[in-house]
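Peer 1: Sharing a structure here in C-alpha cells format.
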Amino acid sequence: MKLTGRTGCALLLAAYLAFALGAKGFAPPRLQAAEVPGSVVLPAPMQTALYLGDRYLAANVETTRVLTTGGPIAGIAQDYFDRLHMTVAALNPCHEDNYYVANSLMAWGGSVDPALDILRAATRCRFWDELPPFFLGFDLNFFKREHRLAKEALFEAAARSPESRTTFQRIGLMYEAEIYPDPRMAQAFLKAQRDQARDGRLRQGLDIRIGRLAGLVTLQDAQADYERRFAQPLQSPNDLLTRGVLKAFPTDPVGLGYVFEDGRFALREMKIRGIEGVRK
Amino acid sequence: MNSLLADFRLAVLLIARSRLWLIAASLAGLLASIAWLSAQFSPRQPATVALDVGLSFIRLVVPVLAVLHIQELLAREVDRRQILTSLTYPRSRAVFLVARYAAVVAVAAGLTLLLAMVLAGVVGLAGGGYKQSTPVALGLPYALTIGSAVLDFAVVAAFATALAAVATTPNLVLLGGIGFMIAARSASTIVQLLEREHDLVKGAQWYQQGLQWVQWILPDLAALDVRPVALYGKLEMLPQAPWALVLMALGYISVLLILACMRFERRQFA
C-alpha cells in the first residue's frame, strides 16, 4: 500500500491527533518541594565550567543579571542578589560595578557582612583604587563600630590617592576617635551616589535605602528630643510613643526595621542568610 | 624548506577560499555589536566591560574556527581521499602536517589581529562619553593580552592537529578540540575557586591534591588569559615569570606536533 493521497492525509491527521491528545492530556507529577526564597545562583566553580572556562565572562553576565533585575528589590528577596554579588566577587574580585553596587545596595539594605567581604576582596584585587578601602572603612565605622579597623582602611585609601590623602587621613582619625556615626552625613553620601548613578534601577534601589536612613534619622532625633525634654536617657523605644514624642514609628522601606541596642537606635541587619530566609 | 613554504601557501589559499572574508566580516560585525551592547549595561566601567566581553568573544570564536579549519584541511582530506593526491608530492608527511598547522595558526592570528582592532575601536566609542576612574589600556597591555590569546589558540590548534593525525572520523577533531579547550581553560580556575567554597564541597584540599597531576598533562590555558592587564591598565597584574607561560605553551605545542608527525608518518590510508 502506498501512503499517498487521502489515506496518507487521513493517517497523518490521525497520528497528529493522537500526539495532540497526549501532549494536551498529560500533567506533570506534582512534586512536593519546600519553598525556597529567591532563585538559584550557581556556585562560581560550576559557572566557570558552564562559561567554557571563562571566569571573566561569567562575572560580566552575572553582574548584568544583578543590574537589570536587582535595583529596587530589598528585604528578604535581596538574599538572592547577595549571593549573586558574592559569586561575582569570587569570579572576578576586581569587577568595579560589582563592588560598587554591592556596597551601596547590600550594606545599606541590611546585608552588611557579605558586603564587607566583597569590599575586602575588591580592596585586595584593585590595589590601586582608593574607593574600595574608603567604602570598607565607612561601613566598618557606621555599621560595625570597628573604629580601629575603619581607620586602617581609610589610611590605606589615603596611601592610594595622592590628591585626597589628607581628607582620607582626617576621616580615618575621626573614626578612630569614635565620633558617633552621623546618619545625616551618611544620607548625604548616599544621595550623592544616587545622583551620580546612570542607571534608573540603581537609582530606585538607592532611593529605598535613603528612605531607610531617613527613618533612622527620625528615631535618633526623637530620642534626642526626648532626652532633652525629660532630662533622662531613653529606656525603651515605646516611651517615645507613650510620652507623645513620636506619633508612630517610621516604617523601613527595606522591610528589615530598626533595633534599639545599648541605648541607641541602629539599622537592623539581615541575620539568617541562606535557604531559611529571614523569619519575621 | 621550499616545500614547507609551498604547502603553507596552498593551505592558506584553501582556507581563504572557504569564504574566509565573509566569515571574518560577519564575526567583526557581531563582535562590535556584542561589545557595544554589553557596555550599555555597565554603570561605572562601560569601556572595561566592552573590552572584557569582546575579548571573551574573540577567545571563543577564533579557536573554534581554527579547529574547524584543521578538521577541513586534515581530517576531511583523509575522509575524502584527497590525502592520497596531497601526499604524492616529494616531501615528507611531517612537512605537510606542520605546514597545514602553521597555515591555520597564521590565519587565526591574522583574524585575531583584525578582531582586536575592531574591538579597540568599539571600546573607544563605547567608553568615550564617560570618564572611568580606572581607564582601559589599549597599548602594550592590550598587545600582550592579544598575543597570549593567540598562543592559547595555537595550543588548541596543535591538539586538534594531533587528533586529526589519528582520527578516523572528522567530527572527533571538532569535539575533542573544543573539549580540550574547555578542560584546559577551566581546570586551574575551578580548583582555585573550590578552595573558597567551603560549603559547596567538603575537603576541597583533597580535591586539589588529587588534581595536582593534571598540571603535568594539561597546559594551564587560564593562566594565558592575562586580560586584567588591559582591563585595568596595570602591568603588575601579569603572572610571575611570564616567560614560563610562553615556554609552557610552546613546549606543549612541540610535544603535540611531534607526536602527531610520528603517528602520521606511519599511518596507513587504505
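The values are calculated or read from the model by the stated rules, or taken from the named source; none is laboratory data. Worth saying up front: this structure is predicted, and the values here are computed from it rather than measured. Ideal geometry is used to build each Cβ from the backbone, glycine not excepted, and the neighbour counts take in all protein chains shown.
Peer 1: Of the numbered conditions (1) closer than 26 Å to A:Phe265 by Cα; (2) at pLDDT 90 or above, A:Asp97 fails exactly one; give the number of that condition.
Peer 2: (1)
Peer 1: In this structure, does A:Leu202 turn out to be within 14 Å of another protein chain (Cβ to nearest Cβ), closer than 27 Å to A:Thr69 by Cβ and touching a residue at least 40 places away in the same chain (Cβ under 8 Å)? If you could, list the steps in order and put the result at the bottom.
Peer 2: Numbers: within 14 Å of another protein chain (Cβ to nearest Cβ): yes; closer than 27 Å to A:Thr69 by Cβ: yes; touching a residue at least 40 places away in the same chain (Cβ under 8 Å): yes.
Yes; evaluated as a whole, the condition is true for this residue.
Peer 1: Hey, another quick one. Looking for something touching an Asp or Glu at 6+ places or on another chain (Cβ under 6 Å), within 14 Å of chain B (Cβ to nearest Cβ) and either more than 15 Å from A:Phe189 (Cβ to Cβ) or modelled with pLDDT under 90 (or both) - is there at least one such residue anywhere in region A:161-172?
Peer 2: If we filter region A:161-172 for residues that are touching an Asp or Glu at 6+ places or on another chain (Cβ under 6 Å), which is where we start, we get A:161.
Checking which are within 14 Å of chain B (Cβ to nearest Cβ) leaves us with A:161.
Retained after the next criterion (residues that are either more than 15 Å from A:Phe189 (Cβ to Cβ) or modelled with pLDDT under 90 (or both)): A:161.
Among the residues of region A:161-172, at least one is touching an Asp or Glu at 6+ places or on another chain (Cβ under 6 Å), within 14 Å of chain B (Cβ to nearest Cβ) and either more than 15 Å from A:Phe189 (Cβ to Cβ) or modelled with pLDDT under 90 (or both), which makes the answer yes.
Peer 1: Hey, any hits in region B:17-37 for a residue that's more than 17 Å from the chain's Cα centre (by Cα), crowded, with 22+ Cβ neighbours inside 10 Å, within 14 Å of another protein chain (Cβ to nearest Cβ) and not charged (D, E, K, R)?
Peer 2: Yes, region B:17-37 contains a residue that is more than 17 Å from the chain's Cα centre (by Cα), crowded, with 22+ Cβ neighbours inside 10 Å, within 14 Å of another protein chain (Cβ to nearest Cβ) and not charged (D, E, K, R).
Peer 1: Does B:Val156 satisfy being within 30 Å of B:Arg93 (Cβ to Cβ), in a helix (DSSP H, G or I) and within 14 Å of chain A (Cβ to nearest Cβ)? It would help to see each step written out before you state the result.
Peer 2: Working: within 30 Å of B:Arg93 (Cβ to Cβ): yes; in a helix (DSSP H, G or I): yes; within 14 Å of chain A (Cβ to nearest Cβ): yes.
When the stated conditions are applied, B:Val156 passes them.
Peer 1: Within region A:202-233, can you find the residues that are surrounded by fewer than 18 Cβ atoms within 10 Å (Cβ to Cβ) and either outside any helix (DSSP H, G or I) or of a type in the set (D, E, K, R) (or both)?
Peer 2: A:Arg203, A:Asp207, A:Asp221, A:Asp225, A:Glu227, A:Arg228, A:Arg229, A:Ala231, A:Gln232, A:Pro233
Peer 1: Among residues belonging to region B:231-253 that are within 14 Å of chain A (Cβ to nearest Cβ) and of a type outside the set (Gly, Ala, Ser), point out the one that is surrounded by the fewest Cβ atoms within 10 Å (Cβ to Cβ). Don't jump to the end; show me each part of the working.
Peer 2: Applying the first criterion (within 14 Å of chain A (Cβ to nearest Cβ)) to region B:231-253 yields B:231-238.
Filter again for of a type outside the set (Gly, Ala, Ser), leaving B:231-232, B:234-238.
Numbers: B:Leu231: 27, B:Tyr232: 24, B:Lys234: 17, B:Leu235: 12, B:Glu236: 9, B:Met237: 17, B:Leu238: 15.
Ranking the candidates gives B:Glu236 first.
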